[in-house]
Amino acid sequence: MMTSDPLTRRLRRLFTVLDTDGDGFVTWRDHERVVDRFAAGYALEKSDTRIKDLERAYWTQWLGLLAQAAPGRDRLSTDDFVAAHRAVGYGTRAAGLLDDLAQAVFNVLDVDRDKRISKDEFARYLDFCGISGADAALVFRRLDLDGDAFNSQHEVAKSLSAFHLYNDDLTTPGGVFLGLG
């Protein structure tokens, strides 16, 4: 059943990105392929701590979602995925899940390791995701909450939280860090 709820629509879009083999289910293997894509796209070895941290963050997310599903499940349909995300809540009890993912994504994107994502690093990420650069400057400015012309780890975390928590804004830019254009 389709709904007009913006959060559900965003989560359905996220499901499509994570269903890397297009079989209609998200599994741990789909998450691994996302991590593998980061490793290949950023020319990082699987043993690099940034990739290991990203894998660990996705693993923790995956376990959190599975904990909300019927016992014994090892894959989630679109509806199961949306319901599990809603059940996790990402409020105070699950805030660490998003913070860990934000930190891990941030560390990969921060190529020069100066603890901030520049416009060039952000453009590289958009290119890596296959997202059109036409709106890159606008998205970057929306993510740059303090106006310092960089994205901090805190700003990435806030944008991921906004993506998962705020029903009233379908266009929240935090989805860009999950591969949503």
Would you check if Ser159 is under 14 Å from the mean Cα position of the chain (by Cα), over 22 Å from Lys52 (Cβ atoms), of a type in the set (Ser, Thr, Tyr) and at pLDDT 80 or above?
yes
Please find, within the range 117-146, the residue that is most open to solvent (accessible area, probe 1.4 Å) out of those that are among the small types (Gly, Ala, Ser) and either on the phi > 0 side of the Ramachandran plot or free of Cβ contacts under 8 Å to residues at least 40 places away in the same chain (or both).
Ala134
Cβ-Cβ distance below 8 Å, separation of 6 or more or different chains: which pairs start in the range 147-161 with a residue that is touching a residue at least 12 places away in the same chain (Cβ under 8 Å) and farther than 9 Å from Phe106 by Cβ and end on one that is buried (at least 18 other Cβ atoms within 10 Å of the Cβ) and hydroxyl-bearing (Ser, Thr, Tyr)?
Ser159/Thr172; Ser161/Tyr90
Taking the range 42-69 and keeping residues under 18 Å from the mean Cα position of the chain (by Cα) and among the β-branched types (Val, Ile, Thr) leaves Ile51, Thr60
For the range 70-91, indicate whether the set of residues that are assigned to a helix (DSSP H, G or I), under 15 Å from the mean Cα position of the chain (by Cα) and of a type in the set (Gly, Ala, Ser) is non-empty.
no
For the range 44-58, enumerate the residues that are open to solvent by 20 Å² or more (accessible area, probe 1.4 Å) and either modelled with pLDDT under 90 or in a helix (DSSP H, G or I) (or both).
Thr49, Arg50, Lys52, Asp53, Glu55, Arg56
Can you name the residue in the range 13-43 that is touching a helix residue (DSSP H, G or I) at 6+ places or on another chain (Cβ under 6 Å) and open to solvent by 30 Å² or more (accessible area, probe 1.4 Å) and, of all such residues, is farthest from Gly130 (Cα to Cα)?
Trp28
Quick one: is Asp114 more than 16 Å from the chain's Cα centre (by Cα), more than 21 Å from Leu44 (Cα to Cα), assigned to a loop (DSSP other than H, G, I, E, B) and without any contact (Cβ under 8 Å) to a residue 24 or more places away in the chain?
no
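The values are calculated or read from the model by the stated rules, or taken from the named source; none is laboratory data. Not measured: the values here are computed from a predicted model. Methodologically, a virtual Cβ is constructed for each residue, glycine included, from the backbone with ideal geometry; neighbour enumeration extends over all protein chains shown. For the accessible areas, the whole protein counts, side chains as well, though only heavy atoms, and no ligand, DNA or RNA atoms are used. Shrake-Rupley method; radii C 1.70, N 1.55, O 1.52, S 1.80 Å.
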